[in-house]
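Novice: Take a look at this one; I'll ask things after.
Each reported figure results from applying straightforward, stated rules to the coordinates on display, with no laboratory input. Just so you know, these numbers come straight off a predicted model, no measurement behind them. No Cβ is skipped: glycine too gets one built from the backbone with ideal geometry, and neighbour counts run over all protein chains shown.
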Amino acid sequence: MATSGGYNYRNGTQRSSLKVDRPLSVNSNPKAAVKSKSLPASGLRRNSTGSLGGVTGASKDDAGVLGRVRVAVRLRPRNSEELVADADFADCVELQPELKRLKLRKNNWDSDTFQFDEVLTEFASQKRVYEVVAKPVVESVLDGYNGTVMAYGQTGTGKTYTLGRLGEEDTAARGIMVRAMEDILADISLETDSVSVSYLQLYMETIQDLLDPANDNISIVEDPKTGDVSLPGASLIEIRDQQSFIELLRLGEAHRFAANTKLNTESSRSHAILMVHVKRCVKGRDPTLLNDTGNSSHMIKTLKPDVVRKGKLVVVDLAGSERIDKSGSEGHTLEEAKSINLSLSALGKCINALAENSAHVPVRDSKLTRLLRDSFGGTARTSLVITIGPSPRHRGETASTIMFGQRAMKVENMLKLKEEFDYKGLSRRLDIQLDKLIAEHERHQKAFEDEIQKVTIQAQNQTSEAERNYADALEKERQKYQKEYMESIKKLEEQLMMNQRNSGNEKVSNRPKDDGSNLISNKENLSIMKEVDELKEMLHKETLLRKAAEEEVSNLRSQVSQWKRAEAAGNSEILELRKMLEDETHKKEKLKEEIAILHSQLLQLSFEADETRRQLDRGGPGKVVGGIDSLMTQVRHPQLKDSGTEDKASIAKLFEQVGLQKILSLLEAEDADVRIHAVKVVANLAAEETNQEKIVEAGGLTSLLMLLQSSEDEIIHRVAAGAIANLAMNETNQELIMAQGGISMLSMTAANAEDPQTLRMVAGAIANLCGNDKLQTKLRGEGGVKALLGMVRCGHPDVLAQVARGIANFAKCESRASTQGTKSGRSLLIDDGALPWIVQNANNEASTIRRHIELALCHLAQHEVNAKDMISGGALWELVRISRDCSREDIRTLAHRTLTSSPAFQAELRRLRIDF
Ligand code: ADP
Ligand code: MG
């Protein structure tokens, strides 16, 4: 680690061999070096005046920029007491702000001189202090770096005045926290970016959430790969305006006051830590996008995730730097005194080690140093303000504060940009696009089918009408000619008959007179000839008629063939339409393939997003919502608001657009990927309390339970169980789960699962059910307790914590029932063989497991029927230990009270000669 830093003067002579301080860089921002590489187009931020934060090193590579910890000293004006008591004495320090020097008087004629990055006199305004100390850090945070502003000094020298003043009565008095948030809110866009805060207190190596004081044992999680630290248990509240931030600070302050009163300590003994997470979306950062000439496909564009920059600002109001009196005069035992001092002295040791470039930096020695590992020797930009008072009576403390500041000036950090791709956002966008495509395709298909049907019906109507017309005409013609023909035949026959009759008469009358008959027969011949002529004419007429009929027939024939041709044309049109239908079907197949590709890309992305999130969960700032792990966080802290409000909002939007029924129906989809995706969406929705009722109403709970039974897929089991665990937070749902045989499905899932995360979800769900007084007997009867105990085989601490929680819940309800007289006899937990595991884990090193078990033991011990088993199972020893060693006073007292009020325990203790 490079050394830089100030001169070290004594009596005005440069004494140290340290390097001469480089002039402060003109540019106060580390990003200047980085940005000029990666974002040539973007403008540089305006420099802050009189900046503390010059960049002392050049950018080595894209990985980071050197940035030394900057240190300012601030002198508090004399207070009224000092004005009287020190009236005859000079201040113990003399400031030379223009030279950035401070002289510490040793006596009337001798003093030591020290150089700082900034020297702030008793007249320095709060605005100036903010601009010099904090503004450059805030600007870096807005650009995606981590930043720290910290105040160190003796109690009463103005740390809280500098950092925490709200300035409601006097705007000019506003401190660094308020001004920093003002600058942040002014710079971000509420549509694309987000700001969320956590506010914590660290006292005696315990971290308490100042926004939710009941949450008083928050653990620090470190990502082994990136070294990032996070506090997944802390409330993370999204800030949208300055007023709500001020209210949050006021709330935190009130909680801090109440907590300190309860613990009988002063706030000067605790460290207050404000964490501000700034998440900004940087669009078009990807170089392939910058080169995009506009002809690359839409698909490629939509597949590019946005870049998100995540800066974290940590503001630390440290405990007073004065040593705590170990003699106990402040009412502390020696052990307490050690614990109270631990974090601050560990910080001093780490800074010494870093300043001296020593190989080992004892970061892990305290919670404070673990929390601040990025601030000193890490990747953050850090500003320290050391506060001192003027009184010569506190010269010793003032000198030690100054030395702390001097050492901190030698600490070098390597500033790094915190940015990553926003896969979640991309996945949301793709989801919406996919649904739009599906809907459009469905509309096209319907319209096409309607058109085909219309054309077919039209063609059929035309053909049948033509056929009908043709048949009618033909029939009419046929009947007409048949009638005419019959009439002619009839006429001819009549004629013939008449002729025959006439000729017969003539033969009879002519026979006797053979002579003179020639004249008559000549007459007859004439009339016959005439008749023959008439007949001939008639025949000719008939022939003509027949010809006309034949013509008519051929006319009709040609008409028929015309109709036939029309029909053939209709048929070919139908053929063409058929072909079009085939084409459309083909196109539909293609669309389906495209959708399948989109699905798989989506899956890949959601997998990557899961991965990223999992990494973040291990090390990212605060909580990440939307993933499976967060579901369990929700189970544990349902009252928390989340960093992922934005994610939820867009899931809710998706939910409105797509409709719950459709999402639920996808749970039964054929395609396994779709099913997984759907169950994830449902799980995300179920994480939101407002959606839970709708999901249950729409049958989502039943579908999720069915999935546990029907699916073989571990991911589905894990996600579905997580969703059920979330739904199981509400009493009505708990009853529904039980009524639908949920316990046996959860037990079966637990029995078959290998993945600890699946087991954690299942255990979490059962643990929630265990907390319902009405379901105790049924739950146990269906094997719930056994299933819970079966899961300890996995050994994963997260699973064990859920099992322990379930047992504690069960024991609590059971104890309540016994007290109310609705239950008698030995505890069902003991019946089901839980006691050995309880005893074995009562002193588990993981506090989450231990606390639950301790509570469970106290509940069990309250009922004399359990005493015999507890004594023989070794639980008495654990109770004695809890009553003596448990760090939580309420549990300690409960255990003690239980032991003293139980005759059986008392007798055993007497027998063992244990004084109690
Ligand atoms: P600390 O947090 O270091 O214990 P405080 O911020 O509570 O100290 O300050 C102690 C007292 O001194 C408070 O009454 C505060 O108003 C006053 N004070 C501190 N610094 C200044 C300052 N620069 N100007 C005026 N008053 C100050
Ligand atoms: Mg203070």
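Novice: Step through the table entries LYS283/LYS312; LYS304/LYS418; LYS262/LYS310; LYS279/LYS592; LYS279/LYS410; LYS262/LYS338, compare each Cα-Cα distance with 28 Å, and write down the pairs that go over it.
Specialist: LYS262/LYS310; LYS279/LYS592; LYS279/LYS410
Novice: Quick check: net charge around CYS813, other residues with Cβ under 11 Å of its Cβ, Lys/Arg +1 and Asp/Glu -1?
Specialist: Neighbourhood net charge equals +3.
Novice: Which ³J(HN,Hα) values, rounded to whole Hz and listed in residue order, are derived for the range 370-385 from phi using the Karplus coefficients 6.51, -1.76 and 1.60 in 6.51 cos²θ - 1.76 cosθ + 1.60 with θ = phi - 60°, glycine and proline given as x?
Specialist: Ordered by residue, 3J(HN,Hα) equals 5, 5, 9, 5, 7, 7, 10, x, x, 9, 8, 8, 10, 10, 10, 10 Hz.
Novice: What is the order of TYR470, TYR152, fewest Cβ neighbours within 10 Å to most?
Specialist: In order of increasing Cβ crowding within 10 Å: TYR470, TYR152.
Novice: For LYS588, list the aspartates and glutamates whose Cα falls under 12 Å from its own Cα; do not include residues on the same chain fewer than 8 positions away.
Specialist: GLU440, GLU442
Novice: Ranking HIS859, HIS586, HIS360 by Cβ neighbours within 10 Å, fewest first, what do you get?
Specialist: In order of increasing Cβ crowding within 10 Å: HIS360, HIS586, HIS859.
Novice: Please say if the range 136-237 is rounded, prolate or oblate, where rounded means a/c under 1.5 for a ≥ b ≥ c the square roots of the C-alpha gyration tensor eigenvalues, and otherwise the choice is prolate for a/b larger than b/c and oblate otherwise?
Specialist: Note, shape of the range 136-237 comes out oblate.
Novice: What are the residues whose amide H is under 5 Å from the amide H of PHE421, where those residues sit 5 or more places off or on another chain and H is modelled from the backbone?
Specialist: VAL308
Novice: Per-residue counts of other Cβ atoms within 10 Å, averaged by peptide: what ranking do you get for 837-849, 372-384, 557-569, 99-111, highest first?
Specialist: 372-384, 837-849, 99-111, 557-569
Novice: Please report VAL316, VAL141 as a ranked list, fewest other C-beta atoms within 10 angstrom at the top and most at the bottom.
Specialist: VAL316, VAL141
Novice: Rounded to the nearest Å, what's the spacing between the alpha carbon centres of the range 109-183 and the range 363-415? Just the number, please.
Specialist: 14 Å
Novice: Kindly rank 254-260, 496-502 from highest to lowest mean number of other beta carbons found within 10 Å of each residue.
Specialist: Those peptides, ordered most packed to least, come out 254-260, 496-502.
Novice: Rounded, prolate or oblate, given the Cα gyration tensor of the range 690-795, with a/c below 1.5 counting as rounded?
Specialist: In terms of gyration-tensor shape, oblate.
Novice: Contour minus end-to-end for ILE220 and LEU190, with contour as 0.36 nm per residue of separation and end-to-end as the Cα-Cα distance?
Specialist: 7.9 nm
Novice: Holding the Cα-Cα limit at 18 Å, pick out from LYS476/LYS564; LYS454/LYS579; LYS225/LYS349 the pairs that are longer than that.
Specialist: Correct reply: LYS476/LYS564; LYS225/LYS349.
Novice: Right, another one. Kindly identify the range 130-180 as rounded, prolate or oblate by the Cα gyration tensor criterion: order the square roots of the eigenvalues as a ≥ b ≥ c, call it rounded if a/c is under 1.5, otherwise compare a/b with b/c, prolate if a/b is larger, else oblate.
Specialist: Oblate, since a/c reaches 1.5 and b/c is not below a/b.
Novice: Looking at the range 707-811, which GluC sites (Glu not before Pro) are DSSP coil and have at most 15 other C-beta atoms within 10 Å of their C-beta?
Specialist: Sites meeting the loop and neighbour criteria: GLU712, GLU754.
Novice: Relative contact order for the range 728-819 using alpha-carbon pairs under 8 Å, separation at least 6, rounded to a whole percent?
Specialist: 34 percent
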